[in-house]
Amino acid sequence: MVRFVAVAALAALAASAAWGVVGVAVAGGFSMPSGDFNKIVKASPVVDARFLYGVTPTINATAGVAYRLNHESNAELNVEGLRYVFVPVFLGADYRMEFLPCMPYVGGGLALVYSKSSIPAAAAGELEDRATFRVGPYGEFGVEYFFAESVGADVRARFLYAFGGEEVLFKNQPVEAGNYGALDAVVGLFYYF
């Protein structure tokens, strides 16, 4: 009986260790705007960080944050120096197919997007900095390639569409979008503990 309990305990510990894997990843790439967002900004670089927790050998719970760099206003807008900050936070899950050393995956979840539009000081009297939060779904697919036991490369595409907020005009031009959409393509590194 003691032997059975010891074997069962070791098996449970091994299973939890396999399923409780923790991973972190950092990536960079480009973000293409879509929806109303496409009317006000150009494509821009993006950086992001991810946290993964293995719920089962093929399913991970995921969390992440991204930051769009140097979002300049669309060339059609006549507002010099208009700048944007967009920071989406992701909560979701992904399913991984085990074809080692490659692991293709698909996933998705919910995103909370913080955005802020800043207008130069000369125009600040007409419209001050405006911060908005939006919520919406995101989906992604990608592949991880292991070049060591717990280290590898990650190539990923993600689509995000968040609702909320409102379109705001300045000098008859949109400076804040009624929705936020983006298609990101990123390449990065991951490490599993």
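Laboratory data are not the source of any read-out in this text; all were calculated from the coordinates shown. Nothing here was measured: the structure is a model prediction, and the numbers come from that model. In this analysis, Cβ positions are derived from the backbone assuming ideal geometry, glycine residues included, and neighbour counts consider all displayed protein chains.
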Check your understanding: Taking other Cβ within 10 Å of each residue's Cβ, how do 56, 132 sort, fewest first?
Key -> 56, 132
Point to revise | Paramagnetic reach from residue 135 in region 156-183 [backbone N under 17 Å; point 7 Å along Cα→Cβ] | key: 161-166, 179-180
Practice item. Compute the length gained on full extension between residue 24 and residue 87: take 0.36 nm times their separation in residues and subtract their Cα-Cα distance, giving the result in nm to one decimal. Key: 20.8 nm
Review point. Given R₀ = 30 Å, FRET efficiency for residue 167-residue 51 by Cβ-Cβ distance, to 0.05?
Key: 0.35
Exercise for review: Kindly put 115, 34 in sequence by how many other C-beta atoms sit within 10 Å of each C-beta, fewest to most.
Suggested key: 34, 115
Check your understanding: Could you give the length gained on full extension between residue 100 and residue 157, defined as 0.36 nm per residue of separation minus the Cα-Cα distance, in nm?
Key -> 18.5 nm
